[in-house]
Structure formats: structure tokens, C-alpha cells
1. Pick from region 109-155 the residues that are among the polar types (S, T, N, Q) and in a helix (DSSP H, G or I): which of them is most open to solvent (accessible area, probe 1.4 Å)?
2. Does region 27-44 hold any residues that are within 13 Å of the chain's Cα centre (by Cα), closer than 14 Å to V74 by Cβ and not small (G, A, S), and which are they?
3. Could you tell me whether S88 is in contact with a helix residue (DSSP H, G or I) (Cβ under 6 Å, 6 or more places away or on another chain), open to solvent by 50 Å² or more (accessible area, probe 1.4 Å) and polar (S, T, N, Q)?
4. Given S18, S36, S67, S59, which one is in contact with a Leu (Cβ under 9 Å, 6 or more places away or on another chain) and polar (S, T, N, Q)?
5. Go through (1) modelled with pLDDT under 90; (2) open to solvent by less than 40 Å² (accessible area, probe 1.4 Å) one by one and return the number of the condition N82 breaks.
6. Across region 1-32, what is the number of residues that are surrounded by 13 or more Cβ atoms within 10 Å (Cβ to Cβ), part of a loop (DSSP other than H, G, I, E, B) and modelled with pLDDT of 85 or more?
7. Cβ contacts < 8 Å: first residue farther than 10 Å from V2 by Cα, restricted to region 138-149; second residue in a helix (DSSP H, G or I), any location; separation 6+ or different chain. Result?
8. Testing F54 on (1) under 15 Å from the mean Cα position of the chain (by Cα); (2) not in a strand (DSSP E or B), one condition comes back false. Which one is that?
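The values are calculated or read from the model by the stated rules, or taken from the named source; none is laboratory data. These numbers were taken from a predicted model, which means no experiment stands behind them. Every residue, glycine among them, receives a Cβ derived from its backbone with ideal geometry; neighbour counts consider all protein chains shown. For the accessible areas, the whole protein counts, side chains as well, though only heavy atoms, and no ligand, DNA or RNA atoms are used. Shrake-Rupley method; radii C 1.70, N 1.55, O 1.52, S 1.80 Å.
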Amino acid sequence: SVQPSEGKSTVAFLLAKSFAELKKKTLFIDVDLRKSEMAGRLGLQGKLDGISEFLTGQSGSIVYDTSIPYLNYVPCGKRPPNPTELLSSQRFPEFLQVVRKAYDVVIIDTPPVGTVVDASIIGRYADGVLMVVRYDYTRKEALRRARRQIVQNGGKILGCVENRAKRYKDPYYYGNYYGES
């Protein structure tokens, strides 16, 4: 997403859950090293080593089971003082190469691209980037800048998810045509 509160983490998690429900071995990686809330949402308690501990060489055991079959989770870990530097290190793409071989699908949740460069850095290592845009919230020019930033850093935009869109009832499709009055 371009900015906070667009639903990026929720969409990313639901996408990972959907692949797991299709019995695809799925890994959900939380790399929002500045402001993650995902471990709490998943009901995981206590100190969890995560990607920040792995990238600093403090831990090698960072993949956790979830209550959803076929879905594993890598938390962000402790907030580091230098998130961009950690994600720019050689250890991050090496980690992604290893998990690509072990999983059918890897979903990476990043911080908003409009606030920090982390998502652009990560985008260059991903097979593709899916933008999440909140209806009537995200400005077109901000979205264009975010897209440009991702592409200029080597990321490939796969598409866009519009979140919190208003429901629209067209009487042609939903009215008497389908037997409703």
C-alpha cells in the first residue's frame, strides 16, 4: 500500500490463508520491521524470534506453525534500529531463495511503500508485487509515485487490490433480472 490503514496486512494474510486452504504449502513473512501487529492478530504470544533476528545472525529458528493447516509464519521479530540496512543485506535474498524451495507460495507483508523504502527493496527480490489501495482514501498521484518507486527498484507490479470498496447495486444485474423485486 501507499500509506498506513489501507488494509495491506489483512489482504496479505487473507491471500496467504486462501492459498493454504487450497493445500498449498504457504509461508507468510512479516517484514514490517517498524510497526507490525501481525503476531498478535495470529494469537502468537511471547517473544518470537523473527526475520530481524535471522538477518542479524541471532537466530536461525524463525518459522512458526499457525492454527491453519499448510500455513507457516515468520514474524518480524524485535524492532531493529536499522530496518532498511537489514533488508538490504545479502542475507535477505538468500533467505528468500531457501524458503522458495521449501514452500509452494511465499507471501511477504511489507510496510507501506509511501512511508519508507523497505517495500521497494523487498519488491526487487519478490516474483511480483500486489498493491493494496483503499477505496476513497489513496490519492492517485501517491499511487503513481509508489508504483514508480517499486518499478525503478526492480520490482514487478502484478496488479492492484481495491480494499473497502462501496457496494454498488445495478438494477440490471441485481433487480428483476435475477428474480428479485
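1. The initial filter retains those residues of region 109-155 that are among the polar types (S, T, N, Q), namely 110, 115, 120, 138, 149, 152-153.
Next, from what is left, pick out any that are in a helix (DSSP H, G or I): 120, 149, 152.
On the way: S120: 1, Q149: 50, Q152: 147 Å².
Within region 109-155, the match that is most open to solvent (accessible area, probe 1.4 Å) is Q152.
2. Within region 27-44, L27, F28, I29, D30, V31, D32, L33, M38 qualify.
3. On the way: in contact with a helix residue (DSSP H, G or I) (Cβ under 6 Å, 6 or more places away or on another chain): yes; open to solvent by 50 Å² or more (accessible area, probe 1.4 Å): yes; polar (S, T, N, Q): yes.
The answer is yes for S88.
4. Working: S18 fails: in contact with a Leu (Cβ under 9 Å, 6 or more places away or on another chain); S36 fails: in contact with a Leu (Cβ under 9 Å, 6 or more places away or on another chain); S59 fails: in contact with a Leu (Cβ under 9 Å, 6 or more places away or on another chain).
Among S18, S36, S67, S59, only S67 is in contact with a Leu (Cβ under 9 Å, 6 or more places away or on another chain) and polar (S, T, N, Q).
5. Result: N82 passes all but (2).
6. 4
7. Note: pairs meeting the criteria are Q149/S120.
8. Single failed check for F54: (1).
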